[in-house]
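The values are calculated or read from the model by the stated rules, or taken from the named source; none is laboratory data. Keep in mind it's a predicted model, so treat the numbers as computed, not measured. No Cβ is skipped: glycine too gets one built from the backbone with ideal geometry, and neighbour counts run over all protein chains shown.
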Amino acid sequence: MTVEAIKVQNGFLIPFNEPLRKIAHDRILLEIAILEQKQIEEGYAILDELAGFCASGRTDASIKHDDIVYGKRA
């Protein structure tokens, strides 16, 4: 599972998303990777090579890929 932490004044905020909500344990171990913005952008560079790639204005497409492509499952 990958969750992006957001820098705030006194540290980092880790959004409590659906996968985290489903964890039954009261403790988890986090492995932290510090990425420069350039590294993040380079990770998506391969998407420019895909056939049919176009600007959509969406900022959540990589996170919600399955919902967008296959529709939300009940």
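If you go through segment 6-23 one residue at a time, how many are of a type in the set (Lys, Arg) and more than 20 Å from Leu35 (Cβ to Cβ)? Qualifying residue count, segment 6-23: 2. State all residues of segment 45-73 that are modelled with pLDDT under 75, in a helix (DSSP H, G or I), exposed (fewer than 10 other Cβ atoms within 10 Å of the Cβ) and not β-branched (Val, Ile, Thr); if no residue qualifies, say none. Scanning segment 45-73 gives Ala45, Asp48, Glu49.
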